[in-house]
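Below: the structure, in structure tokens.
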Amino acid sequence: MATEIDVRLHVNIDHVATLRNARDTIYPDPIEAARICIAAGADGITAHLREDRRHIRDADVAALRKELTSTFNLEMAATSEMVDIAIKTKPEVVTLVPERREERTTEGGLDVAGGAVLRSQSKALIGAGIKVSMFIEASAEQVEASAALGAKQVEFHTGVYAHHALGSDDAKRELDRIQKASTLARSLGLEVAAGHGLTRENVKALVAITEIEELNIGHAMIADAIFMSLRESVLQMRSAILAGRA
Ligand code: PXP
């Protein structure tokens, strides 16, 4: 389902799993989160199965596949283990991302131009009928390399843009870089996505780049969800306590 302005919004639900795993409880359930996002109009769900399984776990991936009739975008490193899981799961999209154990989140783009392993891993995914998206820096070199490997989409890492102050020269320079890379990507027949560090504030200037067709957003949305409903949580706990005393 496309939104009115024709930008697909995929919600990354990793941090619902982060909260669940912090206590090893069964709540909050990322699958229930996915259901709510889709019911609210999100076009798809994104989840990152990391090598260390720090948030999304294998069982979540299987459950998401079973649950979702809209787009399931599975983010993963280009390793044999992950490619095997993806081919078994068959998400609509696999986004290949770089991964380092010690990083807090995906810190940079994938070096598609410099990576030989990627060729065989992306070929296997494409052969299984899965759309491959490359999470890259907004550079001509990485865009061209992604097209050469048969990717259908590139996702530009917006972390640097998000890090700069809104409206600053640095932010404008970064937007200009993303604009140029987006124009090139489209001219090569690639779909253009963007993600990382996006918020309700910084997304506005980004989507002025009309080549961007998809956004993958997680951390800020899950953070927003807390404050958008914490009041309701207090009210409901108060009423549960009162009911117990009645
Ligand atoms: N896109 C990709 C490829 C990512 O790795 C991530 C983070 O997992 C995101 C989008 C979402 O970033 P954020 O959680 O900062 O919104």
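The values are calculated or read from the model by the stated rules, or taken from the named source; none is laboratory data. Source: prediction; values computed, not measured. Every residue, glycine among them, receives a Cβ derived from its backbone with ideal geometry; neighbour counts consider all protein chains shown.
Of the listed requirements (1) away from the ligand (no atom under 15 Å from the Cβ); (2) surrounded by 15 or more Cβ atoms within 10 Å (Cβ to Cβ); (3) among the small types (Gly, Ala, Ser), Ala208 misses just one: (2).
Scanning segment 110-133 for any residue that is within 14 Å of the ligand (Cβ to nearest atom), at pLDDT below 95 and not basic (Lys, Arg) turns up at least one such residue. Taking the condition aliphatic (A, V, I, L, M), within 16 Å of the ligand (Cβ to nearest atom) and crowded, with 19+ Cβ neighbours inside 10 Å, does Ala162 pass? Against the criterion (aliphatic (A, V, I, L, M), within 16 Å of the ligand (Cβ to nearest atom) and crowded, with 19+ Cβ neighbours inside 10 Å), Ala162 qualifies.
Looking for something modelled with pLDDT of 95 or more, part of a loop (DSSP other than H, G, I, E, B) and surrounded by 20 or more Cβ atoms within 10 Å (Cβ to Cβ) - is there at least one such residue anywhere in segment 184-194? Yes; the residues of segment 184-194 include at least one that is modelled with pLDDT of 95 or more, part of a loop (DSSP other than H, G, I, E, B) and surrounded by 20 or more Cβ atoms within 10 Å (Cβ to Cβ).
Provide a single number: the residues in segment 195-236 that are among the acidic types (Asp, Glu) and in a helix (DSSP H, G or I).
First, pick out the residues of segment 195-236 that are among the acidic types (Asp, Glu): 201, 211, 213-214, 224, 232.
Imposing the further condition that a residue be in a helix (DSSP H, G or I) reduces the set to 224, 232.
Residues in segment 195-236 being among the acidic types (Asp, Glu) and in a helix (DSSP H, G or I): 2 in total.
Among the residues of segment 143-159, write down those that are surrounded by fewer than 21 Cβ atoms within 10 Å (Cβ to Cβ) and either farther than 19 Å from Ala208 by Cβ or away from the ligand (no atom under 16 Å from the Cβ) (or both).
If the condition is that a residue be surrounded by fewer than 21 Cβ atoms within 10 Å (Cβ to Cβ) and either farther than 19 Å from Ala208 by Cβ or away from the ligand (no atom under 16 Å from the Cβ) (or both), then Glu144, Ala147, Ala148, Leu149, Gly150, Lys152, Gln153 are the ones that fit.
Only residues that are more than 21 Å from Ser187 (Cβ to Cβ) and without any contact (Cβ under 8 Å) to a residue 24 or more places away in the chain were counted across segment 117-174, and they come to 10.
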